[in-house]
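The values are calculated or read from the model by the stated rules, or taken from the named source; none is laboratory data. Please read these numbers as outputs of a predicted model, since none were measured by experiment. We place every Cβ from the backbone using ideal geometry, glycine too, and count neighbours over all the protein chains shown. For accessibility, only protein heavy atoms count, side chains too; no ligands or nucleic acids. Shrake-Rupley method; radii C 1.70, N 1.55, O 1.52, S 1.80 Å.
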Amino acid sequence: MSTFLLVHGAFHGAWCWHRLIPELEALGHQTRALDLPGHGVDRTDPRTVQLADYTAALVAAVDAIEGPVCLVGHSLGGFAIACAAEQRPEAVERLVFLAAFIPETGASPAAMAQATEPTLFSQNLSFRDGVMHIDPAVIETAFFADCDAAVVALARGCLVPQPAAVLRGEAVLSEAHFGAVAKSAIVCTQDETIAIADQKQMSERAGIGECIVLDSSHSPFFSQPQALATHLDAIVSST
């Protein structure tokens with residue numbers, strides 16, 4: 001069995017994994033989830049948070065786990081897991097990019113977002129006072145289109161402004177470290193945050209031979225937790 005370290009995306013926190021965690025544990029896996037700096041219950045001032053702070057927090061979490069870990073990064077969390085794997089390749093069993101950005105060296109989240117197809121999410125963002133906001137009117141459709149009302153209510157109470165400086169941070173990755181870590185991708189057909197064509201293209205550039213396809217919105221950990229857990233179990237079982 002494996003240890004999964006679950007890494008949320010922009011605006012979210014560790015709270016978003018609460019339906020997936022019991023499904024993975026029912027399959028015999030251990031799980032951890034963390035709040036990146038400025039998210040969830042972490043009280044770091046979001047105006048001060050950089051991509052390097054995400055990476056440092058995630059590396060510390062990896063170091064606290066005995067044995068190899070499978071890092072699952074959702075959306076913007078793809079950047080965090082890639083940068084952490086660059087620093088601790090020997091500790092990472094596999095990277096799983098879940099409806100996520102998959103960076104190349106020198107890329108920033110902002111640059112990658114500008115290079116992808118416009119989506120409902122990307123067209124409804126605003127910046128002020130060092131943080132990024134999403135129009136509340138599109139939250140349900142952009143993130144949770146196939147989720148139940150309880151999820152949408154939880155999210156509206158838990159989403160936080162996104163530290164804007166993170167989007168300007170550049171990933172510094174090498175073939176010897178990040179390139180040597182096994183990788184998988186799960187893409188979502190109904191995604192209104194990162195278009196599925198862009199998800200597949202990023203996977204191909206990263207050398208991921210085959211993507212797992214879920215017919216879901218951007219948040220299958222809420223809408224399809226059992227199916228997602230089954231796919232994650234199959235991924236690590238084949239390692």
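Worth a mention:
- Accessible area (Å², 1.4 Å probe, nearest 10) - residue 104: 90
- Förster radius 35 Å - calculated FRET efficiency between residue 156 and residue 234, Cβ distance, rounded to 0.05: 0.60
- Computed over Cα pairs, the Kirkwood radius of region 1-124 leads via Stokes-Einstein (1.567 mPa s, 4 °C) to a diffusion coefficient of 87 µm² per second.
- Only helical runs count toward this figure. For the chain, summing -39,500 (n - 2.57) over DSSP H runs of n ≥ 4 and dividing by all residues gives -9500 deg cm²/dmol at 222 nm.
- Among 145, 197, 85, the residue with the largest mean-square fluctuation in a Gaussian network model of the chain, with springs joining Cα atoms closer than 10 Å, is 197.
- Gaussian network model of the chain, Cα within-10 Å springs - most flexible of 137, 229, 91: 137
- The accessible-area ordering, largest first, of the residues 43, 128 stands as 43, 128, per a 1.4 angstrom probe.
- Applying 1/(1 + (r/R0)^6) with r as the Cβ-Cβ distance of residue 149 and residue 90 and R0 = 45 angstrom yields a FRET efficiency of 0.55.
- Multiplying the residue separation of residue 123 and residue 175 by 0.36 nm and removing their Cα-Cα distance gives an extension gain of 15.3 nm.
- Annotation: per residue accessible area for region 71-119 equals 29 Å², rounded to a whole number [probe 1.4 Å, protein chains only].
- Rolling a 1.4 angstrom probe over the chain with all protein chains present gives an accessible area of which 51% lies on carbon and sulfur atoms.
- Surface accessible to a 1.4 Å probe, per residue, for the residues of region 127-225, Å²: 44
- Of all DSSP bridge pairs formed entirely within the chain, close to 20 percent run antiparallel.
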